[in-house]
1. Could you pull out every one of the strands (runs of 3 or more DSSP E) wholly within segment 348-457 that has 1 or more residues that are touching a helix residue (DSSP H, G or I) at 6+ places or on another chain (Cβ under 6 Å), closer than 20 Å to Phe266 by Cβ and among the hydroxyl-bearing types (Ser, Thr, Tyr)?
2. Please give the number of the condition Pro312 fails out of (1) out of contact with any strand residue (DSSP E or B) (no Cβ under 8 Å at 6 or more places or on another chain); (2) touching a residue at least 40 places away in the same chain (Cβ under 8 Å); (3) within 12 Å of Tyr348 (Cα to Cα).
3. Considering only residues that are touching a Phe, Trp or Tyr at 6+ places or on another chain (Cβ under 9 Å) and among the charged types (D, E, K, R), which ones fall in segment 54-78?
4. Could you figure out which of (1) polar (S, T, N, Q); (2) surrounded by fewer than 24 Cβ atoms within 10 Å (Cβ to Cβ); (3) within 12 Å of the ligand (Cβ to nearest atom) isn't true of Thr232?
5. Would a scan of segment 458-466 turn up a residue that is out of contact with any strand residue (DSSP E or B) (no Cβ under 7 Å at 6 or more places or on another chain), outside any helix (DSSP H, G or I) and of a type outside the set (Val, Ile, Thr)?
6. Could you run through segment 261-286 and say how many residues are in a helix (DSSP H, G or I) and closer than 15 Å to Leu373 by Cα?
7. Would a scan of segment 162-171 turn up a residue that is over 23 Å from Leu90 (Cα atoms) and either within 12 Å of the ligand (Cβ to nearest atom) or free of Cβ contacts under 8 Å to residues at least 24 places away in the same chain (or both)?
8. How many residues does segment 271-308 hold that are within 16 Å of the ligand (Cβ to nearest atom), β-branched (Val, Ile, Thr) and closer than 20 Å to Glu359 by Cα?
Amino acid sequence: MATTTDRPAHLRSLSPTTAEVLGEYEIADDNAVRAAVARARAATEGWTGLGFRGRRARLLAWKHTIAAGLEELAALIAAETGKPVGDAVLEVMLAVEHLHWAARNAGRVLRRRRVRSGLLAANQAATLEYRPLGVVGAIGPWNYPVYTPLGSVTFALAAGNAVVFKPSEHTPGTGAWLGAAWARAVPDQPVLQIVIGAAETGAALCRSGVDKVAFTGSAATARRVLAACAETLTPVVVEGGGKDAMIVAEDADLAAAARAAAFGGFGNAGQTCAGVERVYVVRGVYQDFLARLSALAQAAEPGAREPAAYGPMTTPAQIDIVRRHVEDAVARGAQAVVGGPASVRPPYVFPVILTEVPEESPAMTDETFGPVLVVNPVDSLDEAVSRANASRYGLAASVFSADRRTATAVARRLRTGAASINSVLGFAAVPSLPFGGVGDSGFGRVHGADGLREFSRAQSLTRQRFAPPLDLMRLDRDPAVLARARKLFLLRHAGRAR
Ligand code: NAD
């Protein structure tokens, strides 16, 4: 969606399809961001004081409000992003599933537990507890304006933090809706604050003294966020972009693989961080796969209303990137099997399938984030793995093969945070699995137990139960005690290797 700032202090949310004004929001400047962080911080004590059970009840109340507001929220997402309402419904359903899991599992994952003290500290009772960080600043993208930021927001709240959330400037209404839903469902705990604005508001949040920044967006912006956060040593989790590969083996179910490639590549107009951008197909089934995928691509039309397969590109800037990648690939000798440069018809981009794209071209190395699939043949699964891994991104990938062992072995060799076998985005609906990338796709994890720990600080506690039999931690250490300890040490560690 295009967004303009007509007066300095306001931001307009515009429909990407019709340019209609959907809403107007006050931009949070430095002072407003600091005030939101102060409100959040003031609320943390009450929130942590509730304990896991109290927070769980309130998170579930928020969940209920979101789920009950499904139609309204989905309509808003669809209006702001241009995606079909059905896709928006699916997005909310997935986000709510993760919220449900986080609310119900935070206590189990993060509660205080006794751990073994070990031989040297047998006199200590040792406990480990995951404590909240304080206030988390969450910065979100526009492509999945509920599912994606809630991966941080929900897990940070469930871990006992307050959150200041800055939605994308392209989806401010969706962010404001989530904040209002919290205020309605949990009026006594103002631990979710929303600040609206573009880069300046995000930068202000990085400088605001929050205890961690959860950033979801492009690698280029992530670098700016990290630089700003470096000034105050504010830790950051980065959920970045991707250039995800699909690998199709000779024995794969080609119909299923083609369907998955079409959904992963063209769904949401290709604006999915963990969508499919590159497909490597073993040569023996390459033509067959390409024919099946081409048929699906030719049948998929973007449009403003269902049954359109997907909607318009959400931002004009993204259209330019897609055009550049397709034109460049064709100029380098790639074959446009379906569509081509003429498929870019703003605000829509019709499906494009390119083959024989040189691996060093931007369509192979950079995130295209549009309904463009590059399908290249490979001689073997080994070649597919090495090409898939030759990317600075590493978010997710998929492998299609009828042989479970082969598929699993291939998946485990992929340098990604997630991999799906015989499906795309299989992990997205599994709440207990963490999500995150490597390289330019970022670091840190949302979702699952790791996602809860991401917004926690491990605190180690020891309580001395009795005086140590061999007391070495004193200035007037007895040399005889050290000699005995030394003997024991050598017996334990320098004897037989085991
Ligand atoms: P973006 O990087 O342009 O913006 C992301 C957010 O950062 C926005 O809220 C923006 O206002 C804010 N921002 C911009 N400049 C900033 C600055 N200097 N300091 C602080 N904040 C700043 O990304 P986008 O175009 O909104 O989203 C698309 C990108 O997000 C794609 O790369 C996509 O792959 C990625 N993404 C990743 C995931 C994931 O979970 N890994 C999920 C969805 C999207």
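1. 418-421
2. Of everything listed in (1) out of contact with any strand residue (DSSP E or B) (no Cβ under 8 Å at 6 or more places or on another chain); (2) touching a residue at least 40 places away in the same chain (Cβ under 8 Å); (3) within 12 Å of Tyr348 (Cα to Cα), Pro312 misses just condition (1).
3. Arg55, Arg58, Glu72
4. So Thr232 meets the others, but not (3).
5. yes
6. Kept after step one, since they are in a helix (DSSP H, G or I), are these residues of segment 261-286: 261-270, 283-286.
In the following step, the residues that additionally are closer than 15 Å to Leu373 by Cα were identified as 261-270, 286.
Number of matching residues: 11.
7. Initially, segment 162-171 is screened for residues over 23 Å from Leu90 (Cα atoms), giving 162-164.
Of the ones still in play, those that are also either within 12 Å of the ligand (Cβ to nearest atom) or free of Cβ contacts under 8 Å to residues at least 24 places away in the same chain (or both) are none.
No, the conditions are met nowhere in segment 162-171.
8. Summing the residues that are within 16 Å of the ligand (Cβ to nearest atom), β-branched (Val, Ile, Thr) and closer than 20 Å to Glu359 by Cα in segment 271-308 gives 1.
The values are calculated or read from the model by the stated rules, or taken from the named source; none is laboratory data. Since the model is a prediction, treat every value here as computed from it, not as a measurement. Cβ coordinates were reconstructed from backbone atoms using ideal geometry, including for glycine residues, and neighbour counts include every protein chain displayed.
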